[in-house]
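Nothing in this text is a laboratory measurement; each read-out follows from the coordinates by a stated rule. These numbers were taken from a predicted model, which means no experiment stands behind them. In this analysis, Cβ positions are derived from the backbone assuming ideal geometry, glycine residues included, and neighbour counts consider all displayed protein chains.
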Amino acid sequence: MIELGKAGSAGTEKGVLPVLRDGSVVATLRASGWKEAATAVVGDREWVFAKNERELSARWAADPEGAVRLRAWQTSKGTWAVELDGTPVEVQSASWWNGTRRYLAGGRQVAESGSTGGWSPRTTLTGDPALPLDDQVFLLWVELVITRRNNAVMGAAVGAAVIGGSS
């Protein structure tokens, strides 16, 4: 299992999220707070994660600007699809209540999202050992984006309810 650590912890710079496996840093993620973009370092490779049109995509930093190696897109409200190096991956809800998802390639589960408990839960991903770490880090970032979107929707709904109830 990999998990997003707290920004600036585990020896990372301020604003950098460590990606941890058993407490050890296996990758880093510098996610933008304002837009759906990030840079990730996995081993000696740097990735560029971005929102392009209606999809989330990933390319190596050395690739040309329009290249896409990994991608994810919302197919309908709350439903996503992913493509990892040309392999289609189906995304299913694992638990509506917990907001977790299962990732299936060819009907076989390759990963499942989750979160740590406590007051400040952090996103986790349990990936099949055959799933490359680069792909797992991308899926972890997709989970971060989905969580932020869902939190923004909930915040807007609560704000509207408060404003609507204040008259």
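Miscellaneous remarks
- Relative contact order (%) - the chain, alpha-carbon pairs under 8 angstrom, separation at least six: 14
- For the peptides 15-21, 104-110, the ranking by packing is 15-21, 104-110, with the highest mean count of neighbouring Cβ atoms within 10 Å listed first.
- Two-site label geometry, Thr39 and Glu55: point separation in nm, points 7 Å out along Cα→Cβ: 2.4
- Size of electric dipole in the chain: Cβ of Lys, Arg +1 and of Asp, Glu -1, about Cα centre, debye, nearest 20: 520
- The modelled label-to-label distance between Ser32 and Lys6, using points 7 Å beyond Cα along the C-beta direction, is 2.7 nm.
- Max mean-square fluctuation residue, GNM over the chain, Cα-Cα springs under 10 Å, options Ser113, Ser76, Ser95: Ser76
- Backbone phi angles across segment 135-140, fed through the Karplus curve with coefficients 6.51, -1.76 and 1.60 (θ = phi - 60°), yield HN-Hα couplings of 5, 5, 5, 4, 5, 5 Hz in residue order; Gly and Pro are listed as x.
- Comparing Tyr103, Ile146, Thr87 along the charge dipole axis of the chain, the residue lying farthest to the positive side is Ile146, per the Cβ-charge model.
- Helix-only CD estimate at 222 nm, as mean residue ellipticity for the chain, using -39500 (n - 2.57) per DSSP H run (n ≥ 4): -7000 deg cm²/dmol
- Annotation note: GluC sites (Glu not before Pro) in segment 1-39 located in DSSP loop regions with a Cβ neighbour count of at most 14 within 10 Å are Glu13.
- Listed residues Ala40, Ala67, Ala31, most fluctuating in the chain (Gaussian network, C-alpha, under 10 Å): Ala67
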